[in-house]
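**Q** The structure follows.
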Amino acid sequence: MAVIRRLPKYHRYLGDLLDKDIQRISSKELSDIIGFTASQIRQDLNNFGGFGQQGYGYNVEALFNEIGKILGLDREYNAILIGAGNLGQAIANYSGFRKAGFEIKALFDANPKMIGLKIREFEILDSDDIENFIKNNKIDIAIMCIPKNGAQELANRLVNVGIKGIWNFAPIDLEVPQQVIVENVNLTESLFTLSYLMKEEQ
Ligand code: NAI
């Protein structure tokens, strides 16, 4: 899992190299820009069959594509976003997810005052209709941007209708069956880590 957590970073840096038309790179050079040691990089990439060649280094495009495949980025995902408040709108307004193959198909909210409002091309839909929408639109991922209260109940509904993945922004550890993947994002935890590291530095 620790290696998997590093893969998106490799993917991002390799994408930057490709944008600069750099076609080949050694683990030492990669180490200088990413900040992991060269031996860590070789070890990480060896886990997936070692894409480098002695004396040549790595072919940037091949490695980028290979890591993309490992991350499942060689396919498209359909998502819905639930909770069209401040955070939900910010996520819906960011175009980078779609470019990466994650397409938000609809926004939902429980507040009648929000239903019918437009965010980008989306009209906010009634969250009572989530189940039908998921069934009829091959939705893989639910992005949860609602408060902690009600989050587990919503997750249960999503599970019952066969959702495969939940990208959860609500500050709660959701309980779901093993086959449903939950990835939590918590900016507050990240901020507290920053605070700790700054304190240590002083
Ligand atoms: P907000 O109040 O602006 O938006 C929440 C929206 O969710 C509202 O429109 C509300 O009507 C809707 N909602 C509530 N319960 C619902 C349900 N059961 N089904 C459908 N819609 C429902 O709040 P904001 O600022 O957007 O924050 C949303 C959540 O995200 C909060 O839980 C907050 O703690 C969390 N948050 C998490 C961050 C992170 O890094 N994980 C960062 C910022 C906020």
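**Q** Suppose R0 equals 35 Å; then what is the FRET efficiency for Asn186 and Glu121 from their Cβ-Cβ distance, rounded to the nearest 0.05?
**A** Step by step, r from the Cβ atoms, then E = 0.75.
**Q** Report the chymotrypsin sites (Phe, Trp or Tyr not before Pro) located in the stretch 1-106 that are in a DSSP loop and have at most 12 other Cβ atoms inside 10 Å of their Cβ, or state none.
**A** Working: sites: Tyr10, Tyr13, Phe36, Phe48, Phe51, Tyr56, Tyr58, Phe64, Tyr77, Tyr94, Phe97, Phe102; in loops: Phe36, Phe48, Phe51, Tyr56, Tyr94.
When the chymotrypsin sites (Phe, Trp or Tyr not before Pro) of the stretch 1-106 are filtered for loop state and at most 12 Cβ neighbours within 10 Å, Tyr56, Tyr94 remain.
**Q** Report Asp129's accessible area, 1.4 Å probe, all protein chains in place, as a number in Å² to the nearest 10.
**A** Accessible surface of Asp129 is approximately 80 Å².
**Q** Quick one: if the Förster radius is 30 Å, what FRET efficiency do Asn86 and Gln40 give, using the C-beta to C-beta distance and rounding to 0.05? Write down the numbers at each step before the final one.
**A** Numbers: r = 38 Å, r/R0 = 1.27.
My answer for the efficiency is 0.20.
**Q** Is it possible to state the helix-based mean residue ellipticity at 222 nm for the chain, with each DSSP H run of 4+ residues giving -39500 (n - 2.57), the sum divided by total residues, to the nearest 500 deg cm²/dmol? What is it?
**A** Helix-only estimate at 222 nm: -13000 deg cm²/dmol.
**Q** In nanometres, what is the gap between the two model label sites at Asn149 and Phe48, each 7 Å from Cα along Cα-to-Cβ?
**A** Distance between label points: 4.3 nm.
**Q** Roughly what percent of Cα-Cα pairs across the chain reach past 24 Å?
**A** 52 percent
**Q** So between Arg24 and Leu194, what do we pick up on full extension, going 0.36 nm a residue minus the alpha carbon distance?
**A** So the chain would gain 57.8 nm between Arg24 and Leu194.
**Q** How far apart, in nm, are the 7 Å Cα→Cβ label points at Lys164 and Asp129?
**A** Each label point lies 7 Å from its Cα, and together they span 2.5 nm.
**Q** Holding the Cα-Cα limit at 20 Å, pick out from Lys105/Lys138; Lys138/Lys164; Lys113/Lys135 the pairs that are longer than that.
**A** Working: Lys105/Lys138 10 Å; Lys138/Lys164 10 Å; Lys113/Lys135 25 Å.
Among Lys105/Lys138; Lys138/Lys164; Lys113/Lys135, the Cα-Cα distance tops 20 Å for Lys113/Lys135.
**Q** Here's something else I'd like to know. How much length would be gained if the chain were fully extended between Lys99 and Met1, taking 0.36 nm per residue of separation minus their Cα-Cα distance, in nm to one decimal?
**A** 32.7 nm
**Q** Right, next: Report Rg (one decimal) and Dmax (nearest whole number) for the stretch 1-82, counting Cα atoms only, units Å.
**A** Taking only Cα atoms of the stretch 1-82, I get Rg and Dmax of 13.3, 50 Å.
**Q** Most mobile of Ala151, Ala38, Ala92 per a Gaussian network model of the chain (Cα springs, under 10 Å)?
**A** Ala38
**Q** Go ahead and run the numbers for FRET between Lys138 and Lys9, Cβ-Cβ distance against an R0 of 25 Å, rounding to 0.05.
**A** After rounding to 0.05, the efficiency reads 0.25.
**Q** Let me ask something else. What list of ³J(HN,Hα) couplings, whole Hz, do you get for the stretch 155-172 from phi and the Karplus terms 6.51, -1.76, 1.60, once you set θ to phi - 60° and write x for glycine and proline?
**A** My calculation for the stretch 155-172 gives 4, 4, 5, 5, 4, 4, 9, x, 5, 9, x, 10, 9, 9, 9, 6, x, 8 Hz in order.
**Q** Rank Phe169, Phe192, Phe133 by mean-square fluctuation in a GNM of the chain with C-alpha springs under 10 angstrom and give only the top-ranked residue.
**A** Phe192
**Q** A further question on this structure: Per-residue HN-Hα couplings for the stretch 80-94, Karplus 6.51 cos²θ - 1.76 cosθ + 1.60 at θ = phi - 60°, whole Hz, x for Gly and Pro?
**A** With coefficients 6.51, -1.76 and 1.60, one gets 10, 10, 10, x, 8, x, 4, 5, x, 5, 4, 5, 5, 7, 7 Hz.
**Q** Let me ask something else. Considering only DSSP beta bridges with both partners in the chain, what is the antiparallel share in %, to the nearest 5?
**A** 20 percent
**Q** Also, I was wondering about something else. Which of rounded, prolate, oblate describes the stretch 68-118, given a ≥ b ≥ c as roots of the alpha-carbon gyration tensor eigenvalues and a/c under 1.5 marking rounded, otherwise prolate only if a/b is larger than b/c?
**A** Details: a/c = 3.27, a/b = 2.60, b/c = 1.26.
Verdict is prolate for the stretch 68-118.
**Q** Taking the stretch 1-96, which trypsin sites (Lys or Arg not before Pro) meet the DSSP loop condition and have no more than 14 other C-beta atoms within 10 Å?
**A** Values: sites: Arg5, Arg6, Lys9, Arg12, Lys20, Arg24, Lys28, Arg42, Lys69, Arg75; in loops: Lys20, Arg75.
Of the trypsin sites (Lys or Arg not before Pro), the ones in loops of the stretch 1-96 whose Cβ has at most 14 other Cβ atoms within 10 Å are Lys20, Arg75.
The values are calculated or read from the model by the stated rules, or taken from the named source; none is laboratory data. Treat the numbers as computed from the prediction; the structure is a model and nothing was measured. Here Cβ is always computed from backbone atoms with ideal geometry, including for glycine, and neighbour counts include all displayed protein chains. To get the accessible areas, we keep the full protein, side chains included, count just its heavy atoms, and leave off ligands, DNA and RNA. Shrake-Rupley method; radii C 1.70, N 1.55, O 1.52, S 1.80 Å.
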